[in-house]
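Reading through the structure tokens given below for one structure.
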Amino acid sequence: MSDYRNHVRDLVQQWRQVLTATRIDAVVIAAGSPQNYFLDDQAPPYRANPHFSQWVGGAECPHSLLLVTHTSRPRLYFQQVEDYWHQPPVRPELEDAIDVEVHADGSQLLAAVAKAVERSNRTAYIGEAQAGSNLPFDDINPPLLLNALHYGRAKKTPFEIACMRTATAIAVKGHRAAAAAFEAGASEFDIHMAYIGAARQADADLPYASIVALNGHAGVLHYQHRDPSAPNTALSFLIDAGARHRGYAADITRTYAAAGAGAFAELVADLDARQQAIIASIHTGMSYVDLHESAHRHVAHVLVNHGLVRCTAEAAFERHITDVFFPHGLGHLIGIQTHDVAGHMISAEGGLRPPPDRYPALRLTRPIENGQVFTIEPGLYFIPMLLRGLRSSPAGKDVDWPQVDALMAYGGIRIEDNVLVTESGIENFTRDAFATQ
């Protein structure tokens with residue numbers, strides 16, 4: 001049996017257990033549909049409901065619905081209209097794991113779904129609430145159902161893991177091309193074009209908008225522009241860019257120093273080594289919050305080792321100096337969504353573990369378990385608005401400001417890998433892909 005068919009079998013078992021626990025007889029999952037911009041006849045790129053994508057392996061099925069019950073095989077009600085303005089969606093290849101019923105007319109599709117659930121005592125709907133109002137559902141996006149499904153998504157099936165390995169390999173091709181373009185003196189725009197050309201994925205296919213940042217732009221954590229003009233002098237390059245395969249994401253960041261950027265290049269090398277040390281320390285059962293805190297201690301040592309602070313590493317951590325240089329979380333769950341759901345959940349019932357007050361941006365707080373895939377992405381940045389506050393605080397006296405000021409033009413560093421937790425250790429999708437390309 002293929003990985004995909006096993007994946008659907010596992011989903012059927014998991015969802016039926018959740019339906020029993022929540023006393024729901026059937027659930028209809030909407031693929032979603034393109035939505036036009038306000039007062040316009042153009043729409044942004046369509047992105048399917050992630051709960052729908054998980055079942056169909058990322059197949060494009062706008063306007064379609066999927067029915068899951070306690071007793072019947074899952075059934076896809078696939079809308080395939082006749083159209084000469086746009087290419088109709090292609091019936092997905094689901095390896096006979098899911099029954100498919102094709103409808104050319106949307107109203108007939110809705111009628112077929114309504115008939116299929118008419119004997120159900122309680123039918124839930126997962127999707128955009130307004131669309132769900134067209135059918136007689138008892139519950140629209142019930143929290144108890146979503147909590148249980150979201151919590152379970154943290155553990156990946158072999159099919160999902162294989163998709164993420166492939167997505168990583170695709171992204172690494174783009175990263176190699178982007179690094180070469182940077183070395184050739186390209187602009188942010190041209191580096192991005194090199195990336196998508198090598199990855200063979202259009203912007204709309206990517207899991208998120210690529211961050212392509214030269215020089216000081218690397219100090220903007222989610223820098224969103226792509227300057228078409230190359231800087232007069234390129235000092236540094238940070239790229240945070242991914243790819244998708246069958247709906248599953250890769251999320252990779254690398255930072256490069258230009259030739260002659262000795263001090264900054266040494267910082268990049270040190271943070272890269274420490275990122276690998278953080279990954280080597282991961283084990284099942286440990287708290288991701290503790291892992292994040294260990295990353296802060298590593299950053300503290302980088303600051304001390306490179307003369308950016310005059311105090312000890314322990315003092316840099318205790319005085320929250322590291323918070324200014326490393327202001328985001330260490331990582332997040334990843335899967336069908338780049339920032340996958342349930343990072344703060346500690347139970348299928350919806351119990352939450354909020355991030356500590358000191359680390360409000362931390363997206364993952366639950367214990368580490370086998371089958372989870374998450375990112376490890378420590379950073380070290382020179383962000384003017386944050387450094388201004390540190391400079392005027394009592395802890396500012398511990399900073400070697402001439403050294404820091406000399407690095408401001410480089411923006412910052414982030415190194416990000418995607419890792420899988422297994423019984424035998426950690427599989428690093430990202431490093432493995434870079435090692436073979």
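Structure values in brief
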item	result
The listed residue being hydroxyl-bearing (Ser, Thr, Tyr) and either more than 16 Å from the chain's Cα centre (by Cα) or loosely packed, with under 14 Cβ neighbours inside 10 Å (or both), out of 229, 210	229
Filtered residues of segment 189-207 (kept if surrounded by fewer than 19 Cβ atoms within 10 Å (Cβ to Cβ) and either assigned to a helix (DSSP H, G or I) or not assigned by TED's automatic domain parsing to the domain that holds residue 259 (or both))	189, 193, 197, 203, 204, 205
Checklist (1) part of a loop (DSSP other than H, G, I, E, B); (2) touching a strand residue (DSSP E or B) at 6+ places or on another chain (Cβ under 7 Å); (3) among the small types (Gly, Ala, Ser) applied to residue 213, failing item	(1)
Sole residue being in a helix (DSSP H, G or I) and within 29 Å of residue 151 (Cβ to Cβ), chosen from 295, 277	295
Search result, residues across segment 35-50 that are in a loop (DSSP other than H, G, I, E, B) and either surrounded by 13 or more Cβ atoms within 10 Å (Cβ to Cβ) or among the charged types (D, E, K, R) (or both)	40, 41, 46, 47, 48, 49
Pairs where the first residue, in segment 236-249, is farther than 25 Å from residue 217 by Cα and the second is in a loop (DSSP other than H, G, I, E, B) and β-branched (Val, Ile, Thr), C-beta under 8 Å, 6+ apart	247/336; 248/336
Subset tally (residues that are surrounded by fewer than 18 Cβ atoms within 10 Å (Cβ to Cβ) and in contact with a Lys or Arg (Cβ under 9 Å, 6 or more places away or on another chain)) for segment 273-289	3
Lone qualifier among 313, 295 - being in contact with a Phe, Trp or Tyr (Cβ under 8 Å, 6 or more places away or on another chain) and assigned by TED's automatic domain parsing to the domain that holds residue 413	295
Contacts under 6 angstrom Cβ, first residue in segment 133-151 being assigned by TED's automatic domain parsing to the domain that holds residue 123, partner among the polar types (S, T, N, Q) and buried (at least 18 other Cβ atoms within 10 Å of the Cβ), 6 or more apart	137/123; 138/123; 144/22; 145/22
Qualifying positions in segment 9-21 - in contact (Cβ under 8 Å) with a residue 60 or more places away in the chain and surrounded by fewer than 20 Cβ atoms within 10 Å (Cβ to Cβ)	9, 10, 12, 14, 21
Any hit, segment 311-324, residues being among the polar types (S, T, N, Q) and in contact with a His (Cβ under 7 Å, 6 or more places away or on another chain)	yes
Strands (runs of 3 or more DSSP E) wholly inside segment 51-132 containing at least 1 residues that are surrounded by fewer than 18 Cβ atoms within 10 Å (Cβ to Cβ)	99-103
Number of positions in segment 36-56 that are modelled with pLDDT under 95 and either closer than 17 Å to residue 123 by Cβ or touching a strand residue (DSSP E or B) at 6+ places or on another chain (Cβ under 9 Å) (or both)	0
Tally of residues being under 30 Å from residue 371 (Cα atoms) and either surrounded by 23 or more Cβ atoms within 10 Å (Cβ to Cβ) or in the same structural domain as residue 45 (by TED's automatic domain parsing) (or both) across segment 167-188	6
Candidates 211, 239 - the one that is within 17 Å of residue 415 (Cβ to Cβ) and out of contact with any Leu (no Cβ under 9 Å at 6 or more places or on another chain)	239
Lone qualifier among 78, 159, 137, 182 - being among the aromatic types (Phe, Trp, Tyr) and more than 30 Å from residue 208 (Cβ to Cβ)	137
Within segment 133-166, tally of residues that are surrounded by 18 or more Cβ atoms within 10 Å (Cβ to Cβ), hydrophobic (A, V, I, L, M, F, W, C) and within 19 Å of residue 19 (Cα to Cα)	6
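The values are calculated or read from the model by the stated rules, or taken from the named source; none is laboratory data. Since the structure is predicted, the reported quantities are computational estimates derived from the model, not experimental observations. Here the Cβ is made from the backbone with ideal geometry for all residues, glycine too, and neighbour counts use every protein chain on show.
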